[in-house]
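Engineer: Pasting a structure below so you can have a look.
The values are calculated or read from the model by the stated rules, or taken from the named source; none is laboratory data. The model shown is predicted, which means the values in this text are computed figures rather than measured ones. Note that each Cβ is placed from the backbone with ideal geometry, even for glycine, and that neighbours are counted across all protein chains shown.
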Amino acid sequence: MDHFLYRDGALYAEDVPIADIAAAVGTPFYVYSTATLKRHFTLFDEALAWGDHLVCFAMKSLSNQAVLKILADQGAGMDVVSIGEYLRAKAAGVPGDRIVFSGVGKTADEMRQALQGGIRQFNVESEPEMIMLDQVAQSLGKVAPITVRVNPDVDAKTHAKIATGKSENKFGIPISRAREVYAMAAKLPGLKVIGIDVHIGSQLTELAPFEAAYAKVAELTEQLRADGHEITRLDLGGGLGIPYTRSNDAPPLPTDYGKMVQRAVGHLGCEIEIEPGRLIAGNAGLLVSKVIYVKSGEDREFLIIDGAMNDLIRPAMYEAWHDIVPVVEPAPGDVPAKYDIVGPICESGDTFAKAREMPAVAADDLIAFRSAGAYGAVMASEYNSRPLIPEVLVNGDQFAVIRARPTYEEMIARDTLPAWLSTPDN
Ligand code: LLP
């Protein structure tokens, strides 16, 4: 459920008409709902209330500091994958002991900064990383708390580009080698093994792959304990999918996920961490855009809008579906139209939807892409010299710009000319 509903013939974000935001900030823009963010976090928090747990928001999905602050105030931790994300979380007020550092390519410098600033744990993904972290920690006179991310070789049954738990993927240590890797970690004085980490993919729409992976983690926990390791924390990753369309079967709810986690690993007495991104942020955001032209092709109508693939890459990159709705509520008897919905960028991949049935719209009408809160703004670029679009936060009847649209001058001023090009001779 989200808080983007039609009311009095117009689409609202909580108690704010989308059209009012468009009038104030221009289009395109992202808008997020505070109530939806809080609701989704609380669903997870309550689903794991049967035991000691921490929900660490995968901030790669949406990293605006205002959003991080809302979630941190609710008690969330953060899952970060770069020192940039770590520093952003710190800037938003998240304490280091609630920040988990994931990722296959952490550099020594990133490790150093996180150890100095305070960190809950590193999720280590390889032996060379383990050796590097040990050296960095020792050089600082610190001990780094770690889990080892294991790759359980489970098919997550999701889009190939976002599956991470098969042996062919670059993530984690093969679970078959886990015991020797833990034995190695135990010998390194700069590390303290505290648990196990697993993450098998994103936008999972069934619980079975999770359950298969977690059963393997439970078995490994027993084995590692028998080997003499203290395993007190299980990081079970993110990945629970969201409904991208209102007409499909919805993926499982966080409550069912929480019960499954209890079934799979509850008997081990470990503290549970999870790292959801999409489920918290996805349906808490819209991308709002304006129709520039309706253009007739040979056999189709093109809706040319002012948003483009640089603003929302998911359809071009993953063939992702986003529901697209007009901001003015269609009347009950309106005949739907069919459009190819495209942006102004100079490549055919700049297509959001093909032959999409939706209510008829005209030039200057506003439309909204649903489920755009996660992996929307964070994946945007300035391709075609289109400045990053603003982010707006709604809370009840108030809204605020939480990242401003840069001016063209600001965008252009970031380039610098080397001296040899700026001298008069050239
Ligand atoms: N933990 C780790 C280690 C991850 O790699 C990810 C996502 C998550 C947690 C959060 O997964 P979520 O709960 O959001 O499914 N750009 C793609 C999604 C990439 C996901 C990458 N890793 C998209 O737009 O679909």
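Engineer: Got a number for residues in the stretch 346-355 being within 29 Å of Gly241 (Cα to Cα), of a type outside the set (S, T, N, Q) and part of a loop (DSSP other than H, G, I, E, B)? First the steps, then the outcome.
Structural biologist: Residues of the stretch 346-355 within 29 Å of Gly241 (Cα to Cα): 348-355.
Still in the running and of a type outside the set (S, T, N, Q): 349-350, 352-355.
Keeping just the survivors that are part of a loop (DSSP other than H, G, I, E, B) gives 349-350.
Matching residues across the stretch 346-355 total 2.
Engineer: State all residues of the stretch 254-276 that are within 14 Å of the ligand (Cβ to nearest atom) and part of a loop (DSSP other than H, G, I, E, B); if no residue qualifies, say none.
Structural biologist: Hits for the stretch 254-276 are Glu275, Pro276.
Engineer: If the requirement is being charged (D, E, K, R) and more than 24 Å from Leu286 (Cβ to Cβ), which of these qualifies: Arg405, Arg414, Arg386? I'd like the intermediate steps shown before the answer.
Structural biologist: On the way: Arg405 fails: more than 24 Å from Leu286 (Cβ to Cβ); Arg386 fails: more than 24 Å from Leu286 (Cβ to Cβ).
It is Arg414.
Engineer: Would you be able to tell me the number of residues in the stretch 152-167 that are in contact with a Phe, Trp or Tyr (Cβ under 8 Å, 6 or more places away or on another chain) and surrounded by 23 or more Cβ atoms within 10 Å (Cβ to Cβ)?
Structural biologist: Going through the stretch 152-167 one residue at a time, the tally reaches 1.
Engineer: When you look at Gly373, is it on the phi > 0 side of the Ramachandran plot, small (Gly, Ala, Ser), within 25 Å of the chain's Cα centre (by Cα) and at pLDDT 95 or above, yes or no? Spell out the reasoning first.
Structural biologist: Numbers: on the phi > 0 side of the Ramachandran plot: no; small (Gly, Ala, Ser): yes; within 25 Å of the chain's Cα centre (by Cα): yes; at pLDDT 95 or above: yes.
Taking the combined requirement at face value, the residue does not satisfy it.
Engineer: Inside the stretch 306-346, can you point out the residues that are within 11 Å of the ligand (Cβ to nearest atom), under 17 Å from Leu286 (Cα atoms) and hydrophobic (A, V, I, L, M, F, W, C)?
Structural biologist: Answer for the stretch 306-346, where residues must be within 11 Å of the ligand (Cβ to nearest atom), under 17 Å from Leu286 (Cα atoms) and hydrophobic (A, V, I, L, M, F, W, C): Leu312, Ile313, Ala320.
Engineer: Leu279 - would you say it is in contact (Cβ under 8 Å) with a residue 60 or more places away in the chain and either surrounded by fewer than 18 Cβ atoms within 10 Å (Cβ to Cβ) or away from the ligand (no atom under 13 Å from the Cβ) (or both)?
Structural biologist: Values: in contact (Cβ under 8 Å) with a residue 60 or more places away in the chain: yes; either surrounded by fewer than 18 Cβ atoms within 10 Å (Cβ to Cβ) or away from the ligand (no atom under 13 Å from the Cβ) (or both): no.
Spelling it out, it is not the case that Leu279 is in contact (Cβ under 8 Å) with a residue 60 or more places away in the chain and either surrounded by fewer than 18 Cβ atoms within 10 Å (Cβ to Cβ) or away from the ligand (no atom under 13 Å from the Cβ) (or both).
Engineer: Say whether the condition of being hydrophobic (A, V, I, L, M, F, W, C) and either crowded, with 17+ Cβ neighbours inside 10 Å or under 30 Å from Gln203 (Cβ atoms) (or both) is met by at least one residue in the stretch 413-423.
Structural biologist: No, the stretch 413-423 contains no residue that is hydrophobic (A, V, I, L, M, F, W, C) and either crowded, with 17+ Cβ neighbours inside 10 Å or under 30 Å from Gln203 (Cβ atoms) (or both).
Engineer: In contact (Cβ under 8 Å) with a residue 60 or more places away in the chain and closer than 18 Å to Asp79 by Cα: which single residue out of Thr147, Thr164 fits that description?
Structural biologist: On the way: Thr164 fails: in contact (Cβ under 8 Å) with a residue 60 or more places away in the chain.
It is Thr147.
Engineer: Something else now. How about the stretch 356-391: which of its residues are within 21 Å of Asp20 (Cα to Cα) and part of a helix (DSSP H, G or I)?
Structural biologist: The answer is Ala377, and nothing else.
Engineer: Moving on to the next point. Residues to consider are Thr42, Thr36; find the one that is surrounded by 20 or more Cβ atoms within 10 Å (Cβ to Cβ), outside any strand (DSSP E or B) and β-branched (Val, Ile, Thr). If you could, list the steps in order and put the result at the bottom.
Structural biologist: Numbers: Thr42 fails: surrounded by 20 or more Cβ atoms within 10 Å (Cβ to Cβ).
When all the criteria are applied, what remains is Thr36.
Engineer: Can you find, within the stretch 293-332, the residue that is nearest to Val25 (Cα to Cα) among those that are in contact with a Pro (Cβ under 7 Å, 6 or more places away or on another chain) and assigned to a strand (DSSP E or B)?
Structural biologist: So, considering only residues that are in contact with a Pro (Cβ under 7 Å, 6 or more places away or on another chain) and assigned to a strand (DSSP E or B), the one nearest to Val25 (Cα to Cα) is Pro326.
Engineer: Follow-up question, since we're still on this one. Restricted to the stretch 56-84, and to residues that are among the aliphatic types (A, V, I, L, M) and over 14 Å from the mean Cα position of the chain (by Cα), which residue is farthest from Gly258 (Cα to Cα)? Please lay out each step first, then the result.
Structural biologist: First, pick out the residues of the stretch 56-84 that are among the aliphatic types (A, V, I, L, M): 58-59, 62, 66-68, 70-72, 76, 78, 80-81, 83.
Add one more test, that the residue is over 14 Å from the mean Cα position of the chain (by Cα), and what stays is 66, 70, 72, 76, 83.
On the way: Ala66: 27, Ile70: 22, Ala72: 21, Ala76: 16, Ile83: 30 Å.
So the residue we want is Ile83.
Engineer: Something else: Looking only at the stretch 142-151, how many residues end up being surrounded by fewer than 23 Cβ atoms within 10 Å (Cβ to Cβ) and either closer than 20 Å to Leu234 by Cβ or of a type in the set (Val, Ile, Thr) (or both)?
Structural biologist: 2
Engineer: Within the bounds of the stretch 230-244, is there any residue that is part of a helix (DSSP H, G or I) and either at pLDDT 95 or above or among the basic types (Lys, Arg) (or both)?
Structural biologist: Taking the stretch 230-244 first, the residues part of a helix (DSSP H, G or I) are none.
No, every residue in the stretch 230-244 fails to be part of a helix (DSSP H, G or I) and either at pLDDT 95 or above or among the basic types (Lys, Arg) (or both).
Engineer: Is it the case that some residue within the stretch 288-305 is within 16 Å of the ligand (Cβ to nearest atom), surrounded by 16 or more Cβ atoms within 10 Å (Cβ to Cβ) and not aliphatic (A, V, I, L, M)?
Structural biologist: no
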